[in-house]
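A short worksheet on the structure shown next.
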Amino acid sequence: MIVKTILVTGAAGFIGSRCGELLAERGHRVVGIDNINDYYDVALKYARLRRMGFDVADGGIAMGARVESATLPSLSFERIDVSDKAAIDALFARHRFDRIIHLAAQAGVRYSIENPYAYMESNMLGFLNILEACRHYGTEHLVFASSSSVYGLNEKAPFEEDDVVISPVSLYAASKKSNELMAHAYCKLYGIPSTGLRYFTVYGPYGRPDMAPMLFAQAISRGNPIRVFNNGDMHRDFTYIDDIVNGTLAVLDHVPDPRLDPHGLPHRIYNIGCGHSVPLMDFIAELERNLGREATKQFLPMQPGDVSLTYASTARLEREIGYKPVVELPEGMREFVRWFQSDANPLRP
């Protein structure tokens, strides 16, 4: 194996922390960065960092500080905000990254309605800083996070990468589609090989507390009602974290083939999900079975910025990269609940 120097942004996040950990376990030199903002409880972010071998207490890393993993010698972490251009430029000058997994972003569809400027700063300016650093310092391959939310009001299912996506229903979705366009432009102008991954709904241990699995599990465990939007008529392409991370790393190893692009560019977009849509009520039932408690359900209308269906066609990713998810919902839910009820969960009720 050829050892690479790899940057993972959003390294204290759900997907990023596991990507950094696995890359280091494979022997690569990995630098993770994250601003550790308080969009959700930072105790979970610090728990992920401790899982990666960083000896840090909650709130124990100052902005700009750097720490080394005690268990993975090739893994380090720096607390940096991607919207800080000077810090990003200095980081690239120090490390000269071969490959990049850019996952740092202000997450949350509903939060974007109340806090639009946070999305422009992180998702737009932050991504521009990464692209500019790639332009000036070079990289073999930039893999970046897009989102299933770009499909917006698309009514055709399953969603395919060649579908027209010009009907976003949230600023978050618009920012992710903008990222795809920005990457394409920088690929054309400066030859930066780039791949965008449209992530569908990810769940599993250490998952985000603002997402349905954690929200529902917390409420059910406490005997509180869960809010079920669109009166339960929702379908999601729920995908287990291990499948998502394995797919992301497989993509990182495949620099886009210009022959696959209609304009001859080393640029590609892929859906990454489980490849089938699960009714939300079935998902809740599986969670109830594993928790051993029935949920009290509060049925509500659709929320602004939300969509009723996500359903990924993963045929392109399977054909070109060999991706095939293997964890079915019952197995994934068992692993999630096992972690949720354990001491490893800092937010356990």
Inset, instruction - Treat each spin label as a single point 7 Å out from the Cα along the C-beta direction, and report the I2 to A185 distance in nm. - result: 3.1
Legend entry - Kyte-Doolittle at least -0.5, axis length at least 24 Å by Cα - qualifying DSSP helices, the chain: 171-190
Inset, instruction - Have a look at the DSSP beta bridges in the chain and tell me what percent are antiparallel, nearest 5. - result: 10
Inset, instruction - Enter the Cα centre distance for the pair the range 16-89 and the range 105-124, rounded to the nearest angstrom. - result: 21
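Within 10 Å, count the other beta carbons around each residue, average over each peptide in 47-54, 91-98, and list them highest first.
Packing order, densest peptide first, comes out as 47-54, 91-98.
At 222 nm, what helix-only mean residue ellipticity would the chain give, in deg cm²/dmol to the nearest 500, using -39500 (n - 2.57) for each DSSP H run of four or more?
Working: 12 runs with 127 residues, N = 349.
-11000 deg cm²/dmol, from helical runs alone.
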Legend entry - Long-range amide H partners of V278 with built H, under 5 Å: R236, D237, F238
Inset, instruction - Within 10 Å, count the other beta carbons around each residue, average over each peptide in 276-282, 234-240, 130-136, 259-265, and list them highest first. - result: 234-240, 130-136, 276-282, 259-265
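Test of understanding: what is the full-extension gain from A344 to Q298, defined as 0.36 nm times their sequence separation minus their Cα-Cα distance?
Details: separation 46, 0.36 × 46 = 16.56 nm, distance 2.96 nm.
This chain segment gains 13.6 nm when fully extended.
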Legend entry - Over 31 Å (Cα to Cα) - which of K177/K297; K4/K176; K297/K324; K45/K176; K156/K297 fall in this group: K177/K297; K297/K324
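All of the numbers you see were taken from the coordinates with simple rules; none came from a lab. Here the structure is a predicted model, which is why all the values come from computation and not from measurement. Note: ideal-geometry Cβ built from the backbone for every residue, glycine included; neighbour counts use all protein chains shown.
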